[in-house]
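Contents: one structure, followed by commentary.
The values are calculated or read from the model by the stated rules, or taken from the named source; none is laboratory data. Quick caveat: nothing in here was measured; it's all calculated off a predicted structure. Cβ sites come from the backbone with ideal geometry, for glycine too, and all protein chains shown count toward neighbours. Calculation scope for accessible area: heavy atoms of the full protein, side chains included, ligands and nucleic acids excluded. Shrake-Rupley method; radii C 1.70, N 1.55, O 1.52, S 1.80 Å.
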Amino acid sequence: MAQEVVEGFKFEQRHGKERVRVARVWKTQQGHHFVVEWRVGITLFSDCVNSYLRDDNSDIVATDTMKNTVYAKAKECSDILSVEDFAILLAKHFVSFYKKVTGAIVNIVEKPWERVIVDGQPHEHGFKLGSEKHTTEAIVQKSGSLQLTSGIEGLSVLKTTQSGFEKFIRDKYTALPDTRERMLATEVTALWRYSYESLYTLPQKPLYFTDKYLEVKKVLADTFFGPPNRGVYSPSVQNTLYLMAKATLNRFPDIAYVNLKMPNLHFLPVNISNKDGPIVKFEDDVYLPTDEPHGSIQASLSRLWSKL
């Protein structure tokens, strides 16, 4: 965001609209329905300093107008499109339609409605709510420059073995024992930045970014779990996180940067006894799940040429 000098002070400003909720249904001639539900946030950078300094709102795009634009643009989309493409479409509209707007940021969270299966067949118009959410952020400048980020929120994964943690720093405050056998659970928040830097270099394939989202999610999960018949050992959440990020960059050449946040959601062994002896003896079977407190592990990985 550019700084201006006003009345002897450095001044920065932006304005926008948050939590605009919109759902869009597309219907094929064969009676097959598709639905998305999006929560949209819009931020505009514009030359509207006069609205702050004096009684002059003539350069402001009203936030109510931004809200209405979301619904109008959703209506105009006659073909199903990815959440990334809708974010880019909105941001491009604001920087091209309004002379005073120099840049736009559009953030969208997609609610995970999934088609239901009934008697082994995909239902034509029935959906259930899933778990993890698809996110995106498009930053577009009037020049046509672009920063596009996609992500996942709430990807909960767990494995009941093939995890350990040992040989860490020990001091007088350490009580945690070494182990090579524990449960590993986390809720992955992932962000990845695409390498496309201009509106004019984007892939033209329909639903390209939706397919990419599903592929990235699969790579992250497959790396976490390992092969289905034997899994893969995790010596720490840190190591597993790194391998997941590296696998994503290795698999997708048009992704330049990956950030993963993976809290360590604990499953504590249950041992209960009284004066008469054990009530519950832990044998890798009974656990107390808890996420308060929990470990917090986060890291990013980017290509050497990346500007991030």
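One table, with the values for the structure above:
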{"read-out": "Label assignment, Cα Rg over 2.2 N^0.38 Å derived from the structure, set [x] 1.25; [y] 0.90; [z] 1.33", "value": "[x]"}
{"read-out": "Dipole magnitude of the chain, debye to nearest 20 (Cβ charges: Lys/Arg +1, Asp/Glu -1, about Cα centre)", "value": "400"}
{"read-out": "Sequence of Tyr196, Tyr242, Tyr233 from largest to smallest accessible area, 1.4 Å probe", "value": "Tyr242, Tyr233, Tyr196"}
{"read-out": "Relative contact order [Cα under 8 Å, 6+ residues apart], region 62-153, whole percent", "value": "27"}
{"read-out": "Hits among lysines - C-alpha to C-alpha of Lys73 under 21 Å, sequence gap 8 or more where chains match", "value": "Lys17, Lys27, Lys92, Lys99, Lys100, Lys111, Lys142, Lys205"}
{"read-out": "Solvent-accessible area per residue, Å², over the chain with all protein chains present [probe radius 1.4 Å]", "value": "58"}
{"read-out": "Angstrom value of the Kirkwood radius, inverse mean 1/r, which spans all Cα pairs in region 1-145", "value": "17.1"}
{"read-out": "Selected from Gln13, Asn50, Ser96, residue furthest toward positive end of dipole (region 1-103; charges at beta carbon)", "value": "Ser96"}
{"read-out": "0 to 90° range, to nearest 10: angle between helix 208-225 axis and the chain longest Cα axis", "value": "20"}
{"read-out": "Tilt relative to the chain, helix 63-76 - C-alpha long axis, 0 to 90 degrees, to 10", "value": "80"}
{"read-out": "Equivalent-ellipsoid semi-axes of region 131-198, from the Cα gyration tensor, Å, largest first", "value": "40, 16, 9"}
{"read-out": "Accessible surface of region 119-200 [probe 1.4 Å, protein heavy atoms]: carbon and sulfur percent", "value": "51"}
{"read-out": "Rg in Å to one decimal, and Dmax rounded to a whole Å, for region 90-140 via C-alpha atoms", "value": "17.6, 55"}
{"read-out": "Of Leu191, Leu207, Leu90, the one that fluctuates the most in a GNM where the chain has Cα springs shorter than 10 Å", "value": "Leu207"}
{"read-out": "Chymotrypsin sites (Phe, Trp or Tyr not before Pro) within region 263-294, DSSP loop, no more than 16 other Cβ atoms inside 10 Å", "value": "Phe282"}
{"read-out": "Gaussian network model of the chain, springs between alpha carbon atoms under 10 Å - residue of Ile117, Ile60, Ile279 with greatest fluctuation", "value": "Ile279"}
{"read-out": "Whole-number Å³ per residue for the convex hull built on Cα positions in region 1-70", "value": "103"}
